[in-house]
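Read the structure below first, then the notes.
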Amino acid sequence: MNRGKSKSQIMTCKVCGSNAKYAATISSDVDDPECLDMYACPKCGLVFVHNPLNENEMAEFYARIDREKWFHDSASFVDKKNKMVARLIQSLKGDCSKISSLLDVGCGDGHLLEVIRESYPLIQGEGYELPGCEEAAVAKGLSVYTCPVSQIPKHYDFATMVDVIEHVPDPAGIIRDIGSIVKPGGRLIIYTPRRCFIDTMLLAIGRLGFTRRMLPKWFSTRLSIWHVQISSAGSLRYSLSAAGFTVEKTQYLSSFSASVDYFLKRMRCPKWAMGTVKFFVELVFEKMGLLKTKVLCIAIKN
Ligand SMILES: [Zn+2]
């Protein structure tokens, strides 16, 4: 797919509307050519690639993926994060009067809904997926909407977006749509890649000296044709506030995925050295809390 280069130094931030600045041109996968222009917003902190897929292209691309293989290969870390979200819902339940309904936006094969069903049989969990991507969840007997989120004819106590918003071309739009179907006092939980210390550091010094090569390589592990933006606390707060939510809690977490692995592959690190280099990178950066590449954000509908 030829996304081309925009050759523009400024792009309107799709969350806050400020002028986002060109930062680098990155590749979408290890051996892909560098073809995605990346921008960083100085106001809300969003980092995003230009030319994300539109909704039809997205549905077409996702429909082509071997989802059975993907769900199988990622089962372990998906299980881990979904159980974390389920525990979170349990911890929130204490001060949330009654949870009877939950919508998982971007429910995939419905694993989170299954975990919820097992943990809280009284919660009626339903899903939303792109048209053509709902079969795996439906096959498990789950109820899945494929119409636009804003047209779902119900209101929910809880909505979840777990590793989803980074895929959505219009992140503020999907949060706004979810805002229209969450009850006042209801909650939205978002789990997504966040702009971490290393991202910000490289954006600041990435065009200098030896870091010039690292900037596109690092961000090629963070953004792609699939992951079209990295949220920041500021960009999430901006979108949530515009949709009638108040941020209740924000927590930064180390990722269950493997940015360091991908980065070392892109830097052509020899296989024999990979383990040692990864050990020291994680020792230094992760122990210092600099590799907290994910954010868990809980917001309450006003
Ligand atoms: Zn912005």
(Q) Can you sort Arg207, Arg237 from fewest to most other Cβ atoms within 10 Å of each residue's own Cβ? (A) Arg207, Arg237
Q | CD proxy at 222 nm, helix term only [per DSSP H run n ≥ 4: -39500 (n - 2.57); per residue of the chain; nearest 500] | A | -10000 deg cm²/dmol
Q. Given just the C-alpha atoms of the chain, how large is their convex hull per residue in cubic angstrom?
A. 135 Å³
Q: Take every Cα-Cα pair in the stretch 222-302 and report what % of them are more than 19 Å apart.
A: 52 percent
Q) Non-local amide H neighbours of Val182 (under 5 Å, H modeled in plane, Pro and chain starts lacking H): which ones? A) Tyr156
Q. In what order do Ser232, Ser28, Ser180 fall by count of nearby beta-carbon atoms within 10 Å, going from fewest to most?
A. Ser180, Ser28, Ser232
Q | Proxy reagent accessibility, fewest Cβ within 10 Å first, across Lys301, Lys217, Lys43 | A | Lys43, Lys217, Lys301
Q) Where does the charge balance sit around Asn302 when Lys and Arg score +1, Asp and Glu -1, over other residues with C-beta under 12 Å from its C-beta? A) +2
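Throughout, read-outs are computed from the coordinates displayed, never taken from laboratory work. Since the model is a prediction, treat every value here as computed from it, not as a measurement. For neighbour counting, all protein chains shown are included, and Cβ atoms are generated from backbone atoms with ideal geometry for every residue, glycine included.
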